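Heads up: the structure comes next, in structure tokens.
The values are calculated or read from the model by the stated rules, or taken from the named source; none is laboratory data. Predicted, not measured: the structure shown is a model, and the values here were computed from it. Every residue, glycine as well, gets a Cβ built from its backbone with ideal geometry; the counts of neighbours run over all protein chains shown.
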Amino acid sequence: MMEKTLMILIILLTSLTGVCPWRARETYVKAGEMVALFCPHYRGSSHGDAKVIWTSYTPQEMDLTHMSSAEQSQMGLLVYGRSLVILNAYVNHQGNYSCSLGNASSQFWFRLIVCTTQSREYEKRTQYPQICYSQEACTLNCPEVNVPAVNTPNITSNAIIWHKEGESLPKDDYFSSVEEKDNGVYTCTRSYLYYRQIYNMTFTVVLKIKPKEKSGQSMILSPGKSGVRYVNLDSTVVIDCEAVMYSDFDEVFWLYEKSKVQMNNSFPVFYNYTRESNAAEIKMKASLVFKSVSQEDLSKSYTCRLDSLSGPSSFVTITLAQKASFSSLALALGIVAVMVAMVVTVVSVKLKMDIALCLRGTFSFYRSTSDGKSYDAFLMCYKSDTDAGLNEDDRKCLESVLEERFGYSLCLYDRDVLPGKATAEVVLECIEQSRTVVLVPTSPDPGPGSGLLSAIHAALVERQTRLVFIQTETTEASSSGSVPEALQLLSEAGDCVTWKGMRSMPHSSSFWKQLRYYLPAPQQASKIKLLP
């Protein structure tokens with residue numbers, strides 16, 4: 001009876017709001033192209049051998065898993081284990097999909113959006129930045145996003161074909177020595193053969209060439225030694241392995257037993273990498289990611305391996321172990337200690353904040369322009385999914401107070417960015433010219449939008465850009481699952497300040513104090529008048 005009542009409430013909520021109560025992963029695909037959805041493993045699931053059930057809601061509910069091969073073929077899709085492959089995506093495929101293990105109540109939701117035109121939103125979702133250094137070798141990387149699993153029956157992957165925007169002939173993905181003229185937008189096409197029919201997937205890579213740098217470091221590998229990492233069950237764990245290499249043929253990767261860990265981020269354990277090249281060396285970081293540490297992960301060993309042409313292979317092995325549990329008394333003492341520490345921290349931070357701002361105002365501390373930056377901050381607005389962002393008046397107030405009252409030099413997308421360039425490129429230029437990036441939730445969206453956050457996330461991490469994340473009381477109270485993944489990662493990497501509407505309007509409010517504290521001192525003196 002309880003379960004039926006809960007289900008009725010959920011259905012009523014869905015009908016009233018028009019929004020699925022579960023978090024749906026949005027996937028964009030160009031009409032006529034292939035796309036694959038992958039059902040992830042669930043935390044704490046005991047249905048390891050249960051069959052994955054795929055369900056379509058486009059528009060009526062259909063069980064795709066138990067359809068015959070002929071029925072699946074007629075719908076233009078293929079169900080294989082945890083994968084749902086749509087061979088030719090069209091408008092009739094657009095809508096909601098879910099996957100679940102057997103009769104388990106847990107479901108994972110997908111929202112498939114089929115783009116029939118080259119819309120701005122589609123370009124944002126499918127553009128990926130890449131940086132190479134002039135006069136150095138460079139290999140273009142075609143993203144592996146929503147591609148079919150390598151073991152999918154009867155699907156064969158063909159060679160990747162590259163084209164540069166504005167040129168008709170295919171391009172090679174390898175440059176022995178890149179130059180400034182190689183800057184631009186490249187399109188890679190992945191093609192797959194399925195029963196004598198070719199199906200394509202296209203991605204856009206924005207290549208930016210930077211001047212080469214000098215470095216005298218020797219080869220290193222970190223973590224420096226094998227060991228045990230103590231973690232909590234059901235937590236997300238990232239283990240970084242870094243190396244300095246001297247050849248494009250050197251490689252850093254993660255192994256489980258004798259097999260490479262997959263780079264597909266739809267798996268519960270995967271790895272990704274970043275690569276930075278300069279005049280004499282290549283810096284590469286391979287990050288092993290556990291989405292949710294399970295009991296099974298604790299019994300496994302993972303090895304980071306460096307294969308180098310200039311010397312023998314190097315490797316380190318990491319084993320996960322569960323952190324020791326505390327007794328009730330120890331746990332209680334720990335909670336008390338944490339609460340005391342929080343109170344002390346809040347008081348000390350507040351005093352530290354007031355002292356820092358007082359020194360800036362009293363002695364007119366402000367930055368010089370010797371660092372080559374043109375702006376103190378880049379205000380990047382994005383549309384709030386919860387419609388709880390700053391309205392246009394609040395946003396104008398934020399801009400005018402920072403510039404006119406406190407003397408900050410701001411880069412504003414709708415004022416300082418010239419039209420005609422690719423969105424990702426101009427946003428990255430604004431980031432490079434600014435000392436800090438301030439993410440502002442707005443409604444409606446006057447800027448490049450939240451869809452670009454995924455594309456620039458890697459660039460922000462690479463530059464170690466200082467971030468200040470403005471949130472509202474509504475977004476602060478909502479669960480993290482309601483926030484896009486890229487935005488969640490960026491907010492965790494920066495400092496958060498909460499906008500409280502009218503209570504934040506006075507210039508002496510805690511909002512302005514915190515925001516000014518997290519921002520660097522302005523280039524020019526502020527217009528604050530000190531009382532005698």
Exercise. Would you check if there is a residue in the range 490-499 being among the hydrophobic types (A, V, I, L, M, F, W, C), at pLDDT 70 or above and more than 24 Å from G407 (Cβ to Cβ)?
Key: yes
Self-check item: Verdict on V252 being under 23 Å from the mean Cα position of the chain (by Cα), exposed (fewer than 12 other Cβ atoms within 10 Å of the Cβ), assigned to a strand (DSSP E or B) and not basic (K, R)
Solution: no
Quiz prompt | Test: F469 is over 12 Å from the mean Cα position of the chain (by Cα), part of a helix (DSSP H, G or I), within 29 Å of R405 (Cβ to Cβ) and at pLDDT 70 or above | solution = no
Quiz item: Would you say S287 is among the small types (G, A, S) and either closer than 30 Å to K208 by Cα or modelled with pLDDT of 80 or more (or both)?
Solution: yes
Quiz prompt | When residues of the range 116-134 are limited to those that are of a type in the set (V, I, T) and touching a strand residue (DSSP E or B) at 6+ places or on another chain (Cβ under 9 Å), the one nearest to E26 (Cα to Cα) | solution = T126
Quiz prompt | Any hit, the range 137-148, residues being polar (S, T, N, Q), exposed (fewer than 13 other Cβ atoms within 10 Å of the Cβ), part of a loop (DSSP other than H, G, I, E, B) and outside the structural domain of V85 (by TED's automatic domain parsing) | solution = no
Self-check item: Hits in the range 389-429 (condition: among the hydrophobic types (A, V, I, L, M, F, W, C), in contact (Cβ under 8 Å) with a residue 40 or more places away in the chain and not in a helix (DSSP H, G or I))
Solution: L390, F406, A422
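Yes/no per residue for (1) out of contact with any Gly (no Cβ under 9 Å at 6 or more places or on another chain); (2) more than 14 Å from A36 (Cα to Cα); (3) crowded, with 19+ Cβ neighbours inside 10 Å; (4) not aliphatic (A, V, I, L, M):
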position: S69; (1), (2), (3), (4): yes, yes, no, yes
position: S73; (1), (2), (3), (4): yes, yes, no, yes
position: I86; (1), (2), (3), (4): no, no, yes, no
position: C115; (1), (2), (3), (4): yes, yes, yes, yes
Self-check item: Given (1) modelled with pLDDT under 75; (2) on the phi < 0 side of the Ramachandran plot; (3) of a type in the set (D, E); (4) within 28 Å of the chain's Cα centre (by Cα), number of the condition D387 does not satisfy
Solution: (2)
Quiz prompt | Which listed residue, of D371, D376, is modelled with pLDDT under 75 and assigned by TED's automatic domain parsing to the domain that holds K396 | solution = D371
Self-check item: Hits in the range 89-126 - residues which are in a loop (DSSP other than H, G, I, E, B) and closer than 25 Å to V185 by Cβ
Solution: A89, T116, T117, Q118, S119
Quiz item: From the residues in the range 283-323 that are of a type in the set (S, T, N, Q) and in a loop (DSSP other than H, G, I, E, B), which one is nearest to V237 (Cα to Cα)?
Solution: S292
